[in-house]
Amino acid sequence: MPDWSAGFGGWNPGEAGAQAALELFLDHAVKHYAQARDRPGVAGTSRLAPHLHFGEIGPRQVWSAVAALGGEGQGAAAFESELGWREFCHHVLFHFPAMAAENLRDGFAFPWRDDPNGLAAWQRGQTGFPLVDAGMRELWTTGFMHNRVRMIVASFLIKDLMIDWRVGAAWFLDTLLDADLAANSFNWQWAAGCGFDAAPYFRVFNPSGQGERFDAEGTYVRRWCPELTRLPDKWLHRPWEAPAAVLSQAGVVLGKSYPAPIVDHALARDRALAAFKALRQG
């Protein structure tokens, strides 16, 4: 039987691995964390989440180490804020243990759709939206997904496909190395608009726009969607709009070498917003 965890290299479990990850972050990425944390193509995050989840290092240890640096400005402050959000998630789960399975907002009766084909395409990284596909492939291969991309793939499942947030949360729990019940449930409810401090219902991430903004050079997408490697940056995040000659030169055949989009994002966005509007009026 093939080893499904073969791609999980690079992680060093245990206290020594956690300390090494912390020291690497403090030596390099923390200074630029405020900006780099949103760019999936660079090593701009701490990669401490699995170590924190399994108790190989404590949040107070991490906080103290970052605070002891001094003078790291916005990078350290932004990281400490994210660490605080993690602890808040645990606080919410402690006081609302049903958060993992029930909407925190009363009366959130969103008209979820049953779409097994769409779900399977999302899980396999075959949606036709390069940034979404790159994130889902990274997750399946490595057990990790960049935080910015997590928000984008969650928005796509919930608002483009209108699939219940609990389905996405369950998939993340099955596949993430840092599968933390509190943070996972809280953040999926945030994306769906039914939790504490939830995203505004009208916020629907555009996968192409997000890719062009945060992966402009295509480093991330080309790594995880190698079939698109030869596409020019201009078309990388929206290959369905590329001229036929450009696709041909890049060796891309939509629907064969790379999937055509499974939804029209603009129409899907309008559908989701109409459903949210009806829910609010009701």
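The values are calculated or read from the model by the stated rules, or taken from the named source; none is laboratory data. Keep in mind the model is a prediction, meaning the values are calculated, not measured. Here the Cβ is made from the backbone with ideal geometry for all residues, glycine too, and neighbour counts use every protein chain on show.
Only one residue in H32, H51 is within 22 Å of the chain's Cα centre (by Cα) and at pLDDT 95 or above, so which one is that?
Details: H32 fails: at pLDDT 95 or above.
The match here is H51.
Here is a check on your reading of the model: is R223 touching a helix residue (DSSP H, G or I) at 6+ places or on another chain (Cβ under 8 Å), farther than 18 Å from P50 by Cβ, in contact (Cβ under 8 Å) with a residue 60 or more places away in the chain and of a type in the set (D, E, K, R)?
Working: touching a helix residue (DSSP H, G or I) at 6+ places or on another chain (Cβ under 8 Å): yes; farther than 18 Å from P50 by Cβ: yes; in contact (Cβ under 8 Å) with a residue 60 or more places away in the chain: yes; of a type in the set (D, E, K, R): yes.
Taking the combined requirement at face value, the residue satisfies it.
Any residue at all in segment 45-63 that is in a helix (DSSP H, G or I), surrounded by fewer than 16 Cβ atoms within 10 Å (Cβ to Cβ) and on the phi > 0 side of the Ramachandran plot?
Within segment 45-63, none of the residues are in a helix (DSSP H, G or I), surrounded by fewer than 16 Cβ atoms within 10 Å (Cβ to Cβ) and on the phi > 0 side of the Ramachandran plot.
Could you identify the single residue in A245, A268 that is of a type in the set (A, V, I, L, M, F, W, C), touching a helix residue (DSSP H, G or I) at 6+ places or on another chain (Cβ under 7 Å) and farther than 29 Å from A36 by Cβ?
Exactly one of A245, A268 is of a type in the set (A, V, I, L, M, F, W, C), touching a helix residue (DSSP H, G or I) at 6+ places or on another chain (Cβ under 7 Å) and farther than 29 Å from A36 by Cβ, namely A268.
Restricting attention to segment 72-87, does a residue exist that is part of a loop (DSSP other than H, G, I, E, B) and either closer than 30 Å to A278 by Cα or not assigned by TED's automatic domain parsing to the domain that holds P239 (or both)? Break it down stepwise before answering.
Of all residues in segment 72-87, those part of a loop (DSSP other than H, G, I, E, B) come to 72.
From what's left, either closer than 30 Å to A278 by Cα or not assigned by TED's automatic domain parsing to the domain that holds P239 (or both): 72.
The answer is yes, given that some residue of segment 72-87 is part of a loop (DSSP other than H, G, I, E, B) and either closer than 30 Å to A278 by Cα or not assigned by TED's automatic domain parsing to the domain that holds P239 (or both).
Please indicate, with yes or no, whether at least one residue in segment 10-29 is in contact (Cβ under 8 Å) with a residue 12 or more places away in the chain, in contact with a Gly (Cβ under 8 Å, 6 or more places away or on another chain), within 21 Å of L177 (Cβ to Cβ) and assigned to a helix (DSSP H, G or I).
yes
Kindly establish whether A109 is in contact (Cβ under 8 Å) with a residue 24 or more places away in the chain and assigned to a helix (DSSP H, G or I).
Spelling it out, it is not the case that A109 is in contact (Cβ under 8 Å) with a residue 24 or more places away in the chain and assigned to a helix (DSSP H, G or I).
So which residues in segment 43-60 are over 13 Å from N147 (Cβ atoms) and in contact (Cβ under 8 Å) with a residue 24 or more places away in the chain?
Within segment 43-60, P50, H51, L52, H53, F54, E56, I57, P59 meet the criteria.
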